[in-house]
Structure formats: structure tokens, C-alpha cells
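Only one structure is covered here, and it is reproduced in the block below.
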């Protein structure tokens, strides 16, 4: 997360996101080399920024830039006291947040919508190209090409480091919202690694979402996304058990849900509704999350309403993943038979070929129907697909449970 802050601040100085990312990476490498011997400094972010600024000066000198602009920048950097301001200090203008400025640059209209989100996730979310590819359900090479081309385009077009104003602002909000949404999702359910969650990503996405809500108070979908993230984040403490083991939604201790975040989320959802017009994808997903938040116990969940909300979501944002989530709701409202037919219809969907939640959901439905051998096989297949160690453990544990039940029947 410090990397994103360093990249953002350096972009303001060197006006090139590609160079800024390279300098930040060099500073991080220096930290990996020096900190094991010298110890982690009291202010690691300040250390990284100082080191990165020194690298920026070295780069300018090595290239012997003759252009006046670069000479002025070099003198400015050299004269500058090499310390870092408090990144959480009061905003110095309408936004005053380098991370948010960088997000709007990464979502500039000169880039395709896919490139905007991918670049934002890479620069601000700290996600690898592999993690972004899994979020998009596309090959890793495709994401890598998008990011390289995006940085090249931004450099060639000399995109200013600023927040858009006036009519340009709403045109770029959709891509910014999409980027924040995917950053939050990666923090909420990490695609890879040893941890079920990456809380720092959730916190950063929440912070950016709240700032956006202040920036664009008349945009319903901004409040919709804020509502969705607040409500989802309210479950964080209950989503893991001892030793970080995952706890699924219906098994969570709802007394551990953060009622303050739920209230904030419901208030944001109310603001989105008060603005009128048809509900967008984020407001609808927030409404689904609100159904869970309002149920003090799992049995009180209004699954029929959740199905109707997924119906509405599928109409405005058709997606195989939306259909898969809808099938889960159908299973709770109408039984596993109806839901299994919906899931089976998705098995030939190309974009879900490597999506581990498809066999995971199918395995759960088969188990509810007493088809334990098939359920075990599906969970084992899902475990092979995921690269999150905690999720893999959970799936293999379920596979063993289904195998035991099958043996008991036999």
C-alpha cells in the first residue's frame, strides 16, 4: 500500500506514471536490501519516498535532460526538503489526495475502459497482472499488454496530474468506480496467497469511495458503491475464525458484524435512492447486501427479495457471474433442484472455465440433493482452481466431509 502512495506522489513530480512506477519499484528493492540489516525505519513511507526522490534526481542527471521543463523539475526536486507530507492530512483543495488524482489519470478517456481499470488496479491497488487477469477472467498476457499500452499512451498524450472538472467529471466516474470496486473485491476475497482477505485494500477502497461520495454528491452510483463497500466491510471480523480460517456468510456470528458500518452503508443506500432514477449495478448490489445486513439471524434473510434484486441486476448488467450468484439465491428461496439447473446451464460458459466458484457452488447444490460423490468431485476441482491457500483448505475440507457422508450412506 505504501507503493501506491509513493507512485502517486512521484507522478505529481515527474508527470509520467511509467517512470513513477519504476522509481517506486527501485525504492522498494532498496528497502528489501537494506531493511533486513538496518531494521524497518520508524516512518517506512517517508523512507521510501526519500529514496524514490533521490532516484528521480539520479535519473534526471543520468539522462542529461536539456529540456527546460526537466531542468526546472530537477532544480525543484534538488531544492526540496526530502520529507514526506502526512498522506492522511487535511485536503489542500477540492480533493488534495494524490492517490485519487492518480486514479483519475489512470481512468482518462484516452484509454479504453478495460485499460483504465487494469492500470488503476496495478498502480493503486498493488495487484499483480495475474490477480487482475483473474478479476477480469481474461488471460494474464492480455492484462499485461493493456497496462503497458496504457502507460505509453498517458506519457505520449502528456496527461495532466489533476482531477477533472465540470462536464468531464461524470464521464470518468464509471471507470473510477469500477476500479475501486475491483480493488475492494480483491481485499475482501483475495485471489491468491495465504490470507483469506487483504484488509488494507478494503480500507483504501473505502477511503477512496468516501472521498468520491463527497466529490460527486449528486451521483447515485457513487453512493451505491459506498453503500456496498460499507456493508460488505461490516462483516470482516466475522469472515475469519481462529488461525484465519474462512467463515462463510450463513455460518458467521452476526453479533460480530460492525453495526456502525452497516448504518453508514444503509444511509449511503438511502442517499442513492433519494436521488431518483433507476437503480444502477452498485446500488442494486448494495440493496442485496442490505438484505443480509438487516437479518439478525441467517434464517430471517429475505431470499425472495434477493432473487428479485438479482433479476433486476441481470437485466441491466448481464453477466455469467451475476447468474451464478442469482442461482445461489434461488437455491435458498426455491430449493437446490431449481438452482442446479441454472448452474448446469453455466458450465459451458467460456469465461467461467477457470472460475473456481462455479464448481464450488455446484458441489454445494449437489450435496444438498444428497449426491455426495459428485459434490466431493466438484469441491476437489474447485480447490485445484483457486490459488488462495485458505480457500483451498476450506474446499478440501468440504470435499472430505462429503466423502464421509457418502461412505455413511453406502
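The values are calculated or read from the model by the stated rules, or taken from the named source; none is laboratory data. Because the structure is predicted, anything quoted here is derived from the model rather than measured. Methodologically, a virtual Cβ is constructed for each residue, glycine included, from the backbone with ideal geometry; neighbour enumeration extends over all protein chains shown.
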Can you pull out every residue in segment 231-242 that is part of a helix (DSSP H, G or I), more than 17 Å from residue 182 (Cβ to Cβ) and either at pLDDT 95 or above or under 20 Å from the mean Cα position of the chain (by Cα) (or both)?
231, 236, 237, 238
Tell me, please, whether a residue that is assigned to a loop (DSSP other than H, G, I, E, B), closer than 19 Å to residue 272 by Cα and at pLDDT 85 or above can be found in segment 219-228.
yes
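Rundown of residues vs (1) assigned to a helix (DSSP H, G or I); (2) buried (at least 18 other Cβ atoms within 10 Å of the Cβ), yes/no style:
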position: 348; (1), (2): no, no
position: 364; (1), (2): yes, yes
position: 381; (1), (2): yes, no
position: 394; (1), (2): yes, yes
position: 397; (1), (2): yes, no
position: 404; (1), (2): yes, no
Which numbered condition residue 245 fails, given (1) within 30 Å of residue 164 (Cα to Cα); (2) surrounded by fewer than 14 Cβ atoms within 10 Å (Cβ to Cβ); (3) under 23 Å from the mean Cα position of the chain (by Cα)
(1)
Pairs returned, first residue in segment 165-180 that is modelled with pLDDT of 80 or more, second residue that is assigned to a helix (DSSP H, G or I) and loosely packed, with under 14 Cβ neighbours inside 10 Å, beta-carbon separation under 6 angstrom, 6 or more apart or interchain, are 175/113
Return the total of residues in segment 9-58 being farther than 19 Å from residue 121 by Cα and without any contact (Cβ under 8 Å) to a residue 40 or more places away in the chain.
24
Checking residue 237 against (1) touching a helix residue (DSSP H, G or I) at 6+ places or on another chain (Cβ under 6 Å); (2) closer than 21 Å to residue 336 by Cα; (3) surrounded by fewer than 21 Cβ atoms within 10 Å (Cβ to Cβ), which test does it fail?
(2)
Pairing a residue in segment 296-313 that is exposed (fewer than 14 other Cβ atoms within 10 Å of the Cβ) with any residue that is modelled with pLDDT of 95 or more and in a loop (DSSP other than H, G, I, E, B), where Cβ atoms lie under 9 Å and the two sit 6 or more apart in sequence or on different chains, gives 298/252
Look at residue 335 and say whether it is surrounded by fewer than 15 Cβ atoms within 10 Å (Cβ to Cβ) and within 18 Å of residue 174 (Cα to Cα).
no
Residue by residue through segment 191-210, note down the ones that are surrounded by fewer than 20 Cβ atoms within 10 Å (Cβ to Cβ) and under 26 Å from residue 278 (Cβ atoms).
210
Pairs please, first residue from segment 325-353 and free of Cβ contacts under 8 Å to residues at least 12 places away in the same chain, second anywhere and buried (at least 20 other Cβ atoms within 10 Å of the Cβ) and assigned to a helix (DSSP H, G or I), Cβ atoms under 7 Å, 6+ apart in sequence or on different chains.
338/330
